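Here's the structure we're looking at; comments come further down.
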Amino acid sequence: MAKILHVSKYYYPFFGGIEDVAQTIINELKPFHNQRVICFNHHKGDEESVENDIPITRVSVVGSVASQPITFTFSRHLRRIIDEFRPDYIHLHLPNPLVSLYILKADLRGAKLVTHWHADILGQKLLYRFYRFYEKKILERSDKVIATSETYRLSSKPLKKFAFKTEILPNTVNENKFELKSGDNEKIEQIKQRFGGKKILFFVGRHVPYKGIDYLIDAEKFIDDDCVIVIAGSGNLTKRLKYRARRSKKIVFVGRLSDEDLKLFLYASTVYVFPSHNRSEAFGVALAEALYCGLPAVSFDIEGSGTTWVNKNNFSGFVVKNRDTQPFATAINRLLQDEDLRKQMSENAKIWVRENFLKDQIVNVLSDIYKINVNENEKTLVNVSVVLYKNSFEKVRLLIETLLKGSVIDKIYLIDNSPKRNSEYEKLPVTYIFNEKNIGYGRGHNIALTQTLFDDNAAYHLAMNADIDFNAEILNEITAYMNENQDVGSLMPKVFYPDGKIQHLCRLLPDPMDLIVRRFLPKSVMKNRVARLEMRDTDYNHIIEVPHISGSFMFLRTEILKKAGLFDPRYFLYLEDIDLTRRIQQVSHTIFYPKVSLIHEHQQGSYNSLRLLIVHIVSAFQYFNKWGWFADNERKIINEKTIKQVKKSIVIQ
């Protein structure tokens, strides 16, 4: 049972689409996980409560700027809850810019961050200029991102770079809210009679610009007279909207409705009108709820919004040209006049929602994200990550073909640090991630490793270079060996140069003389030191434990990575593999496995490039600053143990 901290703008009983989604998710996860909620308070003051067995912290606000609640104590409460609760996951609902900053600043204590992306920020353009940098940071920091529809994910500029870690979780309808009870039919009839028995065109939502209520008011003059337009909800525009509609005999404002009254109004109505007109309306929960109740809908065609998925054109209703009141009114009139069409679309609407937007449709996605009913014994597959930088596409394509021949391979990630995107990679059966800049070797692999650990679907992860050639069968053999030797955390096969010469990659832990001084002294002077470092007195034919596994081909056990951590992001290039191997060896074994081999076109870039030499030296300083320069007793013990192992020909089977 995991511990999940949900961070929402507000929470039930506050009325809102995001709040309703948060409550639905919490209810679905309740049988499986321990949960808490922190949110802003919709009343004054801080408030602690327990509702439906879920502890809720509501933080007092002092005001609001551009729809953003302002508080001075949220950060303190967040830190306190993280320290007390120690969540395994933090489920953050966005947009919520101020809280995003608090999350970025906070020590999450190892919690994985799941960011639920309800909508892009399209208004408040001036403030967004300042927030955009932090928005990107929160997406980079997120282990998983949730979008409400594939349409919205594809159209959202902020999400495009993070498609590889984005899951689709449609918003859902809470069926319990719309269950008819004894006496409801009489109340529904009373609502109909309240409006003189006329057909009711119903709208409910916040009275804010993107909801497009102005367009509904403008369309009124084109709509048949034998109906009434009922506008529910409230907001900053309510007063102005009422003034605009003051001369209309068809438009009636009924204010905010309770959940019970909302249900009754939906069942009393004839058509649902949904005039939202931009992507701030990312999904349309109210639209889905109306369809569930059998109301055919008329909505605008909002490019890039999930609303065009929710209301299926010519099936559950009509989707017309955006912001065009004439076809909007024409579609409404058609539904008012054609009873058979209206009944057919009503039935279609109920079927459409039941098949796509009920709670059952989100259980599988939530199960994958929050690991419900995961069988640890079934995890035997291998994920692979390859970091690219100006590589030959043809060589990479051949490498992918080889990898896919391995029956144990599940997901392949291509992490591209090149200056320009190569669209050819997107045609390969891989997850292609273009970083727009060179973020470094270890950091690149960490993008894929983070997903492997979060998804928890693979027992192993292979971090490798692109300039490697091998037979796919070695992957099956390595996996079999690792399955049989559960105490092995990482493995490296025998590696040859293209000319057939062996690469001496079984290495001791280096000291400053090994990595810095030898670069500037004659090879003859450093010959014996190099031979010792590279363990050239072994024949490279026995399975042995080595303290340094080359980053060119690191076969890693994911359960061990959870303990040892990923590549240290402080290293841009070089020594990140030594650092990781050393941490893995603290909790398991790191093995040289010569029963399989591969070919690596080792470039030795720092010997041919002054820039890379400087990078190498910087990495060396970072490594020795971290582990110790000359006073590194652990290095001495590990190296002596390794040398004795080789001398005594100890074979680990």
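The values are calculated or read from the model by the stated rules, or taken from the named source; none is laboratory data. Just so it is clear, the model here is predicted, and its values are computed rather than measured. We place every Cβ from the backbone using ideal geometry, glycine too, and count neighbours over all the protein chains shown.
Summary of computed values
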quantity	calculated
Test result for SER346, under 30 Å from VAL271 (Cβ atoms) and small (Gly, Ala, Ser)	yes
Filter result for ILE599 (at pLDDT 95 or above and either within 28 Å of the chain's Cα centre (by Cα) or among the hydrophobic types (A, V, I, L, M, F, W, C) (or both))	yes
Condition check for ARG582: in contact (Cβ under 8 Å) with a residue 60 or more places away in the chain, in a helix (DSSP H, G or I) and in the same structural domain as PHE470 (by TED's automatic domain parsing)	yes
Condition met for LYS44 (surrounded by fewer than 19 Cβ atoms within 10 Å (Cβ to Cβ), more than 24 Å from ILE369 (Cα to Cα) and in the same structural domain as ILE103 (by TED's automatic domain parsing))	yes
Test: residue in the stretch 434-445 that is among the charged types (D, E, K, R), surrounded by fewer than 18 Cβ atoms within 10 Å (Cβ to Cβ) and either under 38 Å from the mean Cα position of the chain (by Cα) or farther than 27 Å from ILE409 by Cβ (or both)	yes
Qualifying residue in the stretch 30-40 (condition: on the phi > 0 side of the Ramachandran plot and assigned to a loop (DSSP other than H, G, I, E, B))	no
THR172 closer than 21 Å to TYR210 by Cβ and either surrounded by 15 or more Cβ atoms within 10 Å (Cβ to Cβ) or of a type in the set (Lys, Arg) (or both)	no
Odd one out for VAL319 among (1) buried (at least 20 other Cβ atoms within 10 Å of the Cβ); (2) touching a residue at least 60 places away in the same chain (Cβ under 8 Å)	(2)
Yes/no for VAL37 being β-branched (Val, Ile, Thr) and at pLDDT 95 or above	yes
Residues being touching a Leu at 6+ places or on another chain (Cβ under 9 Å) and part of a loop (DSSP other than H, G, I, E, B) - total across the stretch 439-478	9
Close pairs (6 angstrom Cβ cut-off, 6 or more residues apart or separate chains): within 11 Å of PRO510 (Cβ to Cβ) in the stretch 616-629, of a type in the set (A, V, I, L, M) and assigned to a helix (DSSP H, G or I) anywhere	ALA620/LEU515
Residue tally, condition part of a helix (DSSP H, G or I) and buried (at least 16 other Cβ atoms within 10 Å of the Cβ), over the stretch 403-424	1
Check on ARG58, assigned to a strand (DSSP E or B) and closer than 28 Å to ILE369 by Cβ	yes
Residue count, the stretch 2-25 (criterion: among the charged types (D, E, K, R) and part of a helix (DSSP H, G or I))	2
Qualifying positions in the stretch 288-311 - more than 22 Å from ALA268 (Cα to Cα) and of a type outside the set (Phe, Trp, Tyr)	ASP301, ILE302, GLU303, GLY304, SER305, GLY306, THR307, THR308
Selection within the stretch 145-188 - without any contact (Cβ under 8 Å) to a residue 60 or more places away in the chain and of a type in the set (Phe, Trp, Tyr)	PHE162
The stretch 171-188, residues that are part of a helix (DSSP H, G or I) and more than 31 Å from the chain's Cα centre (by Cα)	PHE178, ASP184, ASN185, GLU186, LYS187, ILE188
In the stretch 533-564, the residues that are of a type in the set (D, E, K, R) and either not in a loop (DSSP other than H, G, I, E, B) or not assigned by TED's automatic domain parsing to the domain that holds MET464 (or both)	GLU545, ARG557, GLU559, LYS562, LYS563
Number of the exception - LYS242 against (1) more than 21 Å from ARG342 (Cα to Cα); (2) within 32 Å of the chain's Cα centre (by Cα)	(2)
PHE567 being assigned to a strand (DSSP E or B), buried (at least 20 other Cβ atoms within 10 Å of the Cβ) and modelled with pLDDT of 95 or more	no
Given (1) under 19 Å from SER142 (Cα atoms); (2) at pLDDT 95 or above, index of the condition MET482 fails	(1)
So LYS321, is it more than 30 Å from the chain's Cα centre (by Cα), of a type outside the set (S, T, N, Q) and assigned by TED's automatic domain parsing to the domain that holds GLY235	yes
Leading residue by the ranking (farthest from LYS3 (Cα to Cα)) among those in the stretch 47-65 that are touching a helix residue (DSSP H, G or I) at 6+ places or on another chain (Cβ under 8 Å) and surrounded by 13 or more Cβ atoms within 10 Å (Cβ to Cβ)	VAL59
